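The values are calculated or read from the model by the stated rules, or taken from the named source; none is laboratory data. Remember, it's a predicted structure, so these values are computed and weren't measured experimentally. Here the Cβ is made from the backbone with ideal geometry for all residues, glycine too, and neighbour counts use every protein chain on show.
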Amino acid sequence: MILLSDLPYVDDHKGRLWDLSNLFIGIAPVVTIRHKADNSRSIEPTTIAAKEEYSNTSRSYSGRYVVETFSQSRCGIDLETLKPAEANWSIHSPLFELAMLAPGEKELIEASDFCQHENLPTVIWASKEALAKALGDAKNYEPTQLRSPITWAAEPSPNWSAQHREFLTEDGQRLILWLVAEKH
């Protein structure tokens with residue numbers, strides 16, 4: 001767990017901005033997270049990176065946080081603010097399996113380093129959402145069509161790389177971030 005308060009930041013009229021690029025070395029050149037001064041969903045970049053420098057961008061909103069990545073490769077990013085999970089929403093729930101998991105995926109997740117994660121359903125969702133965004137329009141993919149990057153330790157993807165980080169905000173919110181990018 002990374003404390004956002006321990007990382008350097010810049011305050012401006014839009015809120016507080018952290019450059020997370022050094023936490024995702026080798027996957028995307030620019031990654032930022034912003035705590036917004038308001039709760040709007042602006043289409044303007046939250047970072048100082050010039051859009052023209054990078055052919056691919058991805059953005060995700062969760063509460064008052066927005067995360068962005070800029071890259072020359074196809075990329076996708078997802079940010080989730082943790083909320084209490086419903087008791088019946090777990091990898092062991094038939095409903096969860098039917099709604100979220102690809103055939104054979106449950107066994108790979110259970111064999112992964114993430115299997116004991118206390119927020120496994122959110123981790124699975126965020127990883128699949130980042131992958132769907134990297135593939136193109138995330139609305140074109142059902143979660144059951146994609147194997148989570150969590151499973152890539154057992155069955156590595158030849159074309160994609162993924163990284164996961166978790167943050168704790170100054171007010172105690174936990175944030176889960178997944179970044180997926182096409183390998184060069």
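Out of (1) in contact (Cβ under 8 Å) with a residue 24 or more places away in the chain; (2) surrounded by fewer than 16 Cβ atoms within 10 Å (Cβ to Cβ); (3) within 19 Å of SER90 (Cβ to Cβ), the odd one out for HIS184 is which? So the condition that HIS184 fails would be (3). Would region 141-158 turn up any residue that is within 20 Å of VAL30 (Cα to Cα) and touching a Leu at 6+ places or on another chain (Cβ under 8 Å)? Within region 141-158, not a single residue is within 20 Å of VAL30 (Cα to Cα) and touching a Leu at 6+ places or on another chain (Cβ under 8 Å).
Count, please, the residues in region 148-173 that happen to be on the phi > 0 side of the Ramachandran plot and in contact with an Asp or Glu (Cβ under 8 Å, 6 or more places away or on another chain). Step through it out loud before you land on a result.
The initial filter retains those residues of region 148-173 that are on the phi > 0 side of the Ramachandran plot, namely 172.
From what's left, in contact with an Asp or Glu (Cβ under 8 Å, 6 or more places away or on another chain): none.
Total satisfying the criteria: 0.
Among the conditions (1) modelled with pLDDT of 95 or more; (2) over 30 Å from GLY172 (Cα atoms), the only one that LEU79 does not satisfy is (2).
Could you tell me which numbered condition ALA132 fails, if it satisfies all but one of (1) under 18 Å from SER62 (Cβ atoms); (2) in contact with a helix residue (DSSP H, G or I) (Cβ under 9 Å, 6 or more places away or on another chain); (3) touching a residue at least 60 places away in the same chain (Cβ under 8 Å)? So the condition that ALA132 fails would be (3).
Listed here are the residues, each with its yes/no results for (1) part of a helix (DSSP H, G or I); (2) aliphatic (A, V, I, L, M); (3) more than 17 Å from the chain's Cα centre (by Cα).
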position	(1), (2), (3)
PHE114	no, no, no
TRP125	yes, no, no
LYS128	yes, no, no
ALA132	yes, yes, no
TRP152	yes, no, no
GLU155	no, no, yes
SER161	no, no, no
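The single condition among (1) modelled with pLDDT under 95; (2) more than 30 Å from GLU170 (Cβ to Cβ); (3) among the aliphatic types (A, V, I, L, M); (4) surrounded by fewer than 18 Cβ atoms within 10 Å (Cβ to Cβ) that ALA102 does not satisfy is (1).
Report yes if some residue within region 11-33 is touching a Gly at 6+ places or on another chain (Cβ under 8 Å) and at pLDDT 85 or above; otherwise report no. Scanning region 11-33 turns up no residue that is touching a Gly at 6+ places or on another chain (Cβ under 8 Å) and at pLDDT 85 or above.
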